1. Does residue 301 count as in contact with a helix residue (DSSP H, G or I) (Cβ under 8 Å, 6 or more places away or on another chain), at pLDDT 95 or above and within 18 Å of residue 245 (Cα to Cα)?
2. Return yes when residue 193 is more than 28 Å from residue 83 (Cβ to Cβ) and buried (at least 21 other Cβ atoms within 10 Å of the Cβ) and no when it is not.
3. Does residue 215 satisfy the criteria of being modelled with pLDDT of 95 or more and assigned to a helix (DSSP H, G or I)?
4. Mind checking which residues of region 1-20 are free of Cβ contacts under 8 Å to residues at least 24 places away in the same chain and either under 20 Å from residue 445 (Cα atoms) or surrounded by 20 or more Cβ atoms within 10 Å (Cβ to Cβ) (or both)?
5. Mind counting the residues in region 84-108 that are surrounded by fewer than 24 Cβ atoms within 10 Å (Cβ to Cβ) and either within 20 Å of residue 14 (Cα to Cα) or away from the ligand (no atom under 14 Å from the Cβ) (or both)?
6. Counting only residues that are in contact with a strand residue (DSSP E or B) (Cβ under 9 Å, 6 or more places away or on another chain) and part of a strand (DSSP E or B), which one in region 149-175 is surrounded by the fewest Cβ atoms within 10 Å (Cβ to Cβ)?
7. Can you name every one of the helices (runs of 4 or more DSSP H) wholly within region 303-388 that holds 1 or more residues which are surrounded by fewer than 20 Cβ atoms within 10 Å (Cβ to Cβ) and within 16 Å of the ligand (Cβ to nearest atom)?
8. So, of the residues in region 231-260 that are more than 18 Å from the chain's Cα centre (by Cα), free of Cβ contacts under 8 Å to residues at least 40 places away in the same chain and within 21 Å of residue 304 (Cβ to Cβ), which turns out to be surrounded by the fewest Cβ atoms within 10 Å (Cβ to Cβ)?
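The values are calculated or read from the model by the stated rules, or taken from the named source; none is laboratory data. This one's a predicted model, so the numbers in the text were calculated from it and none came from an experiment. Heads up, the Cβs are rebuilt from the backbone with ideal geometry, glycines too, and the neighbour counts pull from every protein chain shown.
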Ligand code: 2IT
């Protein structure tokens with residue numbers, strides 16, 4: 001297998017699908033050498049098969065807004081790969097959602113899920129519905145209309161969606177309500193990220209951010225460093241950034257920046273518990289403005305319009321918002337300001353140029369599919385609880401999350417250790433995830 005040849009074919013076929021091509025190239029470049037030591041993979045054409053989703057559902061979602069206007073959006077579910085378990089992955093509601101975005105996310109999800117140690121295949125879905133400025137009633141009507149189509153594609157042993165950007169506990173609740181009505185069964189295992197009183201796992205809302213900080217601790221420990229007292233810059237203020245802010249603060253770090261599409265809030269003395277709680281209010285408002293934090297806490301937070309979190313001096317950068325949110329110039333600015341670690345919490349949060357910048361300058365860097373896997377891993381734990389009709393305590397879930405993040409770190413070290421003893425986490429995560437899925441595909445025959 002030659003990456004250049006595979007990519008040339010994919011570019012000819014999917015030239016306009018930029019995010020998808022970016023994600024595939026990153027994985028294939030990491031695994032090329034190891035893959036070519038396995039002629040049985042080449043014979044079974046594993047690469048040609050693994051880069052294509054099993055199937056993509058596209059559907060129209062029509063709903064009525066508060067003014068009585070009929071609105072139409074597009075809905076999708078990309079069922080990417082089911083070699084190691086049923087399809088599993090989140091739903092993204094964002095105005096920029098395209099098949100390319102969901103294909104990249106489904107592809108990433110396949111290898112991320114393989115890293116979690118749990119039996120889950122890869123999927124992603126969502127809609128170009130824009131939640132910004134929508135009322136609660138509009139969100140509910142959209143979620144119901146979306147599920148009216150999606151329900152036929154999913155099931156607790158078939159495909160289990162969850163949240164992602166624009167989809168949190170409230171949206172999962174509205175979607176589950178409609179699913180229950182259509183399926184005429186109380187099948188909680190069909191969605192994860194549910195409310196705690198009706199099958200949701202304790203700690204699932206926090207899990208992506210908590211897991212990311214546990215992983216960051218392992219990265220630092222391996223490099224002989226400690227997170228205590230370090231300055232952390234986060235992007236976003238959604239569910240992921242919220243969990244990361246809680247855990248970073250609890251571990252003794254100082255969260256000195258959060259950001260939004262409108263700019264950055266610099267928090268010189270570090271984020272406080274009141275400010276972290278306010279992140280939830282800001283998300284629920286659907287205003288999508290980080291300036292609201294500075295308006296609420298003017299003495300502690302300073303808002304600058306049009307700037308990213310990466311303009312704030314920090315030791316550790318944690319992208320928590322969206323793909324390609326940290327580019328080569330941002331990486332250079334961070335490094336010039338003394339940043340020595342970047343753990344990607346968003347999916348593909350860094351551009352290839354940013355990753356190159358970090359890795360070539362000896363900055364500790366770990367990719368999203370390893371760092372943020374605690375979210376989907378805790379979804380997997382929610383599925384286990386649902387299937388056995390029990391719920392675990394916070395300690396049980398947190399202990400399992402710790403174990404999973406440690407296992408992922410070990411897998412990265414196993415497959416990504418360089419000759420000088422440092423770890424290439426991109427290579428380690430990609431090889432560990434890919435080999436597991438490839439082996440399962442091989443054993444299940446030509447499908
Ligand atoms: O990107 C992700 O891993 C998620 N949005 C969570 C997926 C899940 O099924 O919990």
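1. Yes: the conditions hold for residue 301.
2. Taking the combined requirement at face value, the residue does not satisfy it.
3. yes
4. Of everything in region 1-20, nothing turns out to be free of Cβ contacts under 8 Å to residues at least 24 places away in the same chain and either under 20 Å from residue 445 (Cα atoms) or surrounded by 20 or more Cβ atoms within 10 Å (Cβ to Cβ) (or both).
5. The total comes to 6.
6. For region 149-175, the residue satisfying everything is 159.
7. 373-387
8. Here the answer is 254.
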